[in-house]
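Notes follow once the structure below has been shown.
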């Protein structure tokens, strides 16, 4: 019988299975190793190096997300050497681009000059659009890092705002590659990838065209996995802060898959939608309708009371009056022209249960199979 494999992390002897990485073992045993580029359900890349750990006998620090666990391996996740490396990595990320959160710096002259420059680029005088909801900011606070003392590196690429759903702010991109993996490995849309080289590296579409002119289907998976403010929903940017909203878990009603999602609600209005990670069947993934097709909920054009035509004009009526009129008219049409002269049109915007009742009414009451639905966004 094969002996049980074990690895030692921070003095704790832990078992592991073949194929598990150091990060896998640590997570399973509630040992926190910070990550930035790691993405569940995608191949580990080890790009950001934030998850580096110290392994006894290894010449260099190793990325926990990409290093397989080995028998008798001894690992330290928060040694002085590890913390120093993480602080440097975070500091370099903060110094590249428009990361204008409160942790970025404190020197009055440089801070003011930098903020004014970012405000000009953003066309907004507020702090970062994902302030308080940024993984890089969380790590900077955790390790007490700022960008003081380093020259800020300007971004050579302008912000892309030409599509209706997503703002691509290259000045805040830390090139962790999570959006690329989400697009290519999870959603399998293959719309974006790394382009150019060295200091001009950029996440691009084929031909470096705007998203609206690419193969992007606007599922928004790249936005959900972005750990910083490089990819943000256009309507939510600077308009939605995480402390202003209440998250309500519900089921998407657009189709029969039953995707689980969170409605971000403020003052009784849905202002943003995100996928519910860890919940089946979608595990956080959404389509363009589920993520962005919610404006109709708060539309001022929605009917809240029935309308019936009187003297050639549509006028508000009570529910009893409207339903009685519909029943009377449908009965007359059925008697005069037969049930197949009637059709029932349902909607992709109502629940599956409501659509079921509609087809049941058509087939069992009206006695027609003329049932269809409108799937427009």
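The values are calculated or read from the model by the stated rules, or taken from the named source; none is laboratory data. Everything quoted here is computed from the prediction, not taken from an experiment. Reconstructed Cβ throughout: ideal geometry from the backbone, glycine too, with neighbour counts over all protein chains shown.
See the values below:
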{"item": "Hey, residue 189 closer than 19 Å to residue 165 by Cα and surrounded by fewer than 16 Cβ atoms within 10 Å (Cβ to Cβ) or not", "result": "no"}
{"item": "Some residue of segment 98-116 being touching a residue at least 60 places away in the same chain (Cβ under 8 Å) and touching a helix residue (DSSP H, G or I) at 6+ places or on another chain (Cβ under 9 Å)", "result": "yes"}
{"item": "Top-ranked residue of segment 251-271 - restricted to ones that are assigned to a strand (DSSP E or B) and over 19 Å from residue 235 (Cβ atoms), ranked as modelled with the lowest pLDDT", "result": "251"}
{"item": "In segment 61-82, the residues that are assigned to a loop (DSSP other than H, G, I, E, B) and more than 26 Å from the chain's Cα centre (by Cα)", "result": "61, 67, 69, 70, 71, 72, 73, 77, 78, 79"}
{"item": "Residue that is modelled with the lowest pLDDT [pool: residues in segment 321-346 that are within 30 Å of residue 297 (Cα to Cα) and surrounded by 14 or more Cβ atoms within 10 Å (Cβ to Cβ)]", "result": "346"}
{"item": "Qualifying position, being free of Cβ contacts under 8 Å to residues at least 40 places away in the same chain, exposed (fewer than 15 other Cβ atoms within 10 Å of the Cβ) and either more than 24 Å from residue 233 (Cβ to Cβ) or in contact with a helix residue (DSSP H, G or I) (Cβ under 9 Å, 6 or more places away or on another chain) (or both), among 148, 125", "result": "125"}
{"item": "Residue identified as part of a loop (DSSP other than H, G, I, E, B), closer than 30 Å to residue 13 by Cα and without any contact (Cβ under 8 Å) to a residue 40 or more places away in the chain among 58, 42, 85", "result": "58"}
{"item": "Matching entry among 321, 301 (being closer than 30 Å to residue 271 by Cα and out of contact with any strand residue (DSSP E or B) (no Cβ under 6 Å at 6 or more places or on another chain))", "result": "301"}
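For every residue, the table says whether it meets (1) over 20 Å from residue 35 (Cβ atoms); (2) modelled with pLDDT of 85 or more.
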site: 101; (1), (2): no, no
site: 105; (1), (2): yes, no
site: 110; (1), (2): yes, no
site: 115; (1), (2): yes, no
site: 119; (1), (2): yes, no
site: 125; (1), (2): yes, no
site: 139; (1), (2): no, yes
site: 144; (1), (2): no, yes
site: 159; (1), (2): yes, yes
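Residue-wise test of (1) within 30 Å of residue 224 (Cα to Cα); (2) in a strand (DSSP E or B).
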| site | (1), (2) |
| --- | --- |
| 273 | yes, yes |
| 278 | yes, no |
| 282 | yes, no |
| 285 | yes, no |
| 291 | yes, no |
| 296 | yes, no |
| 303 | no, no |
| 308 | no, yes |
| 314 | no, yes |
